[in-house]
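Enquirer: The following block contains the structure, expressed as structure tokens.
Coordinate-derived values only; no laboratory data. Everything quoted here is computed from the prediction, not taken from an experiment. As a convention, Cβ positions derive from the backbone with ideal geometry for all residues, glycine included, and neighbour counts pool all protein chains shown.
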Amino acid sequence: MINLNNISTDRQIKMSKVSVVLIEDHDLSRIGLCAALKQYNDVEILDNAANGRDGINKIKTHQPDVALVDIGLPDIDGIEVTQEIKEYQAKNPDFKTKVLMLTMHDSENSVMAAFAAGADSYSLKDVSMDNLVEAIRNTNEGNAWIDPAIARIVLKQAQSTKPVIPSVEVSKTPVEDDTQSITAVAEEYQQLIETYPLTDRELEVLELIVGGCSNAEISEKLYITVGTVKTHVCHILNKLCADDRTQAAVRALRAGLVK
């Protein structure tokens with residue numbers, strides 16, 4: 001006798017899987033990641049590639065939910081892969097693949113370039129498998145997942161590379177809701193100056209966004225409802241003139257709003 005409940009459950013599991021294409025040039029790492037990710041019921045590895053060009057072709061062919069891309073590749077690097085994918089996406093609105101970038105501890109310049117290229121999330125290569133899968137899930141849901149260690153790398157780079165990153169001074173303003181104002185010299189931050197300030201609570205939410213937390217995780221950490229978190233996120237995006245959480249995180253890191 002056929003158990004319809006089992007069929008329904010199996011179908012739901014299948015439908016809820018996050019499809020992934022992995023681009024990694026090191027054979028052992030690629031094979032190991034594929035094998036490890038297959039242990040998770042909600043992740044499906046559609047294909048993998050050992051270089052950027054092959055990876056781009058496979059991403060366009062399979063159109064996975066998430067492309068897991070190594071920055072260091074033998075032909076074109078992960079930055080160029082991301083740029084091409086995002087350019088292709090701009091011309092093909094139905095193409096919804098998001099990019100989760102993998103990087104090493106000492107890849108500060110590459111991480112900064114990844115922000116500019118349009119990557120959706122950023123993870124260190126030595127991340128635990130559980131955290132990597134969580135990053136894949138969050139990225140698929142449209143949330144920017146940024147490894148806390150990468151956030152520190154980017155902030156350090158932003159503070160030390162003055163020709164590339166504008167110098168920023170954060171100061172208190174005497175307003176009732178204990179907001180903070182920001183002064184920046186670069187033209188790209190002019191709108192940020194005009195639309196600031198953020199409240200202390202919004203800064204707390206922003207810091208957790210940079211740390212890669214989902215709305216549910218922010219809700220749990222700050223003891224507020226998910227609906228309240230969504231309201232704060234909306235206000236943050238508006239005040240920072242950001243289109244999404246990733247852009248807000250980039251501006252926060254470059255401006256030194258989070259530590």
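Enquirer: By its C-alpha gyration tensor, with a ≥ b ≥ c as the square roots of the eigenvalues, how is segment 4-145 shaped: rounded for a/c under 1.5, else prolate for a/b larger than b/c, else oblate? Don't skip to the answer; put the middle values down first.
Expert: Details: a/c = 1.74, a/b = 1.44, b/c = 1.21.
Note, shape of segment 4-145 comes out prolate.
Enquirer: Non-local amide H neighbours of Val18 (under 5 Å, H modeled in plane, Pro and chain starts lacking H): which ones?
Expert: It is Val43, Glu44, by chain and number.
Enquirer: If you don't mind, another one. Taking the Cα centre of segment 4-145 as origin, sum charge times position over the Cβ atoms of Lys and Arg (+1) and Asp and Glu (-1), and report the length of that vector in debye to the nearest 20.
Expert: Numbers: 14 positive and 23 negative charges, 120 e Å.
I would put it at about 580 debye.
Enquirer: Sorting check: for 129-141, 225-237, which peptide has the highest mean count of neighbouring beta carbons within 10 Å, and how do the rest follow? Spell out each step's value before the answer.
Expert: On the way: 129-141: 19.5, 225-237: 15.8.
My ranking of the peptides, most packed first, is 129-141, 225-237.
Enquirer: Starting from the 7 Å offset along Cα-to-Cβ, what nm value, one decimal, do you get for the label separation of Cys34 and Lys221?
Expert: In this crude label model, Cys34 to Lys221 measures out at 3.5 nm.
Enquirer: Another one. Quickly rank 23-29, 69-75 as a protection proxy: mean count of other C-beta atoms within 10 Å, highest first.
Expert: Numbers: 23-29: 16.1, 69-75: 19.7.
The densest-packed peptide leads the list: 69-75, 23-29.
Enquirer: Here are some pairs, Lys96/Lys221; Lys38/Lys96; Lys86/Lys221; which of them have Cα atoms lying more than 25 Å apart in this structure?
Expert: Violating the 25 Å limit, Cα to Cα: Lys96/Lys221; Lys86/Lys221.
Enquirer: Okay, next question. So if I take the alpha carbon set of segment 91-151, get Rg, then get Rh from the Kirkwood formula, what is the Rg over Rh ratio? Provide the component values of the computation, followed by the final result.
Expert: On the way: Rg = 11.8 Å, Rh = 12.0 Å.
Reported Rg/Rh, Kirkwood definition of Rh: 0.98.
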